[in-house]
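Below: one structure, written as structure tokens.
The values are calculated or read from the model by the stated rules, or taken from the named source; none is laboratory data. The shown structure was predicted, so the numbers you read here are calculated from the model rather than taken from an experiment. FYI the Cβ positions are ideal-geometry reconstructions off the backbone, even for glycines, and counts take in every protein chain you see. Only protein heavy atoms, including side chains, enter the accessible area calculation; ligands, DNA and RNA are left aside. Shrake-Rupley method; radii C 1.70, N 1.55, O 1.52, S 1.80 Å.
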Amino acid sequence: MRALGIALLVLAGARTAAAASFAIAVGYNGSSRQEVAPLAYADDDAVRNAELLGELGVPTTLLTALDGDTRALYPDLAPRAPTLSELRSALATTTAQLAQARAAGEPTALLFFYTGHGDVEHGEGFLELLDARLTRTELRSLLRTVPVDQVHLIIDACKSYFAVFDRGGSSRRAVADPFLRPEEPLPANVGVLLSTSSSQDSHEWEAFQGGIFSHEVRSALRGGADLDGDGAISYEEVGAFVFTANRSIPNARFRPDFFVRPPGGKPASTLLVQVGAVGPASELSVGPGVSEHLYIEDERGLRMADVHPSPDLTVHIVLPERRPLFVHALGSAQEYAIAEPGNVTLASLTARPPESRSRGALHVAFSHLFAEPFDASAPAAFDAAMLVRAEEARLAALPPPMGRWLRPTLGVAGLVFAAAGAGASGLAFYERAQVSPSSSNRSRLAHNAAIARYNQLAVPLYGLAATTLVSYVLWRYVGEDDRGP
């Protein structure tokens, strides 16, 4: 099971308004169940979430337990433990900071990231922490205590839907509408972006060294989803970006089936993050005229973002301060190095041969990610796909047409009646076999009475069998199917 997490994300309200934002990023690889294998990259995702938020100017508290590989990448990092008590403590501190901002008349937003295992037990969705489970009930309770204008909740997890809601999804079908506003006791100021809308698994991928959905969301928030170039990224833009990134994966089992709901029932254009609110130290401008799938790595091979803009689009990707950085063009002999801080355009970089990449089963499937270019048509395609899914879910939720259950029921009932009639006839024959030339008159009368009773029972059973079987045959082979609406 895979979970990125809860992200109570950045900015909300008018697209031009900046909020006083604070964040908590939590990550935990382990599980409270021995049969569940630890994750490999939950801690890495938590660290990268915190790094990105810091680059966007959001003060962030990091709670995670670094494994050996991640500790080697971040030797100077000393995060707090990912426990429920530490989470409550961090939230209390953040709540006090948010209260001060609100008292000063500033709009406020809370960011809270979780990465780790997620599941459902006894109908209660939960996310794993080092010492406890963060249950859906506990999460809702914590959210209600925060004096904040808007909360943006993002979960990349197996069964992530059930970490927030307790109905609407299922193990067989997805929630009908990614902008659905279910009748749940979730605070109205909370928006959600979930990696699954049903009981599905989420995936890690070694090429990303993190969760698929986590990486896609970070790529979107770094600027990859900013279609109009205004530095403000909305729920709809993120949804369209993730949808476009995933829709080329042939196997739906590997394709994130995510869920989006803006806060407070507001339109999908509600602002999710303001990329340029703090003036990023540097950014990479890609386009126009670029048609490749590009991804950005640092010198340690950590993948910062993936983008595939259409040739008529220009995107501005927020870059970390670390140098050098490398831009790879997937499937072509192109690699570009960014050696110095500051703004840079892709056209100004010098190409060189790329390094080889590892392969594997999931690698083949996930190599389809970002295969289609992201352009201005993406939101419309995303909305159209969601309408189709909504209709499919609506039909799946309807009671089955009568013919789907009544016709086979008639056939089974006919066979049962026929078998019961045969049983009664068999008992009559058995009674008849008990009469012999030496049987007394009294014995003959008793057997004859029993034979009459069994025959009286058999006749209506045969009649019911004939009626139901004839009805079944006529319905099955002569009448039309009841196909429902």
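For region 206-213, does any single residue satisfy the condition of being open to solvent by 30 Å² or more (accessible area, probe 1.4 Å), over 19 Å from P38 (Cα atoms) and at pLDDT below 90? Walk me through how you get there before you give the answer.
Step one: filter region 206-213 for residues open to solvent by 30 Å² or more (accessible area, probe 1.4 Å), giving 206, 209.
Narrowing the set further to residues that are over 19 Å from P38 (Cα atoms) leaves none.
Within region 206-213, not a single residue is open to solvent by 30 Å² or more (accessible area, probe 1.4 Å), over 19 Å from P38 (Cα atoms) and at pLDDT below 90.
I want to confirm something. Restricting to region 246-264 and keeping residues that are part of a loop (DSSP other than H, G, I, E, B) and modelled with pLDDT under 85, which single residue is nearest to S214 (Cα to Cα)?
So the first thing to find is which residues in region 246-264 are part of a loop (DSSP other than H, G, I, E, B), and the list is 247-251, 255-258, 262.
Filter again for modelled with pLDDT under 85, leaving 251, 255-257.
Details: N251: 20, R255: 13, P256: 11, D257: 13 Å.
Restricting to residues being part of a loop (DSSP other than H, G, I, E, B) and modelled with pLDDT under 85, the top hit is P256.
Residues that are in a loop (DSSP other than H, G, I, E, B), open to solvent by 80 Å² or more (accessible area, probe 1.4 Å) and modelled with pLDDT of 80 or more within region 361-405 comprise just one, A376. Close contacts from region 212-229, counting a first residue that is closer than 15 Å to F382 by Cβ and basic (K, R) and a second that is surrounded by fewer than 24 Cβ atoms within 10 Å (Cβ to Cβ) and at pLDDT 95 or above, with Cβ to Cβ under 8 Å and a gap of 6+ residues or different chains, come to none at all.
Reported count of residues in region 105-127, each being more than 19 Å from A50 (Cβ to Cβ) and either touching a residue at least 12 places away in the same chain (Cβ under 8 Å) or open to solvent by less than 60 Å² (accessible area, probe 1.4 Å) (or both), is 11.
Of all residue pairs spaced 6 or more apart or on separate chains, none has beta-carbon atoms under 7 Å together with a first member in region 25-45 that is free of Cβ contacts under 8 Å to residues at least 12 places away in the same chain and a second member that is part of a loop (DSSP other than H, G, I, E, B) and open to solvent by 40 Å² or more (accessible area, probe 1.4 Å). Of the strands (runs of 3 or more DSSP E) contained entirely in region 96-162, those carrying at least 2 residues that are among the aromatic types (F, W, Y) and closer than 23 Å to G239 by Cα fall at 108-115.
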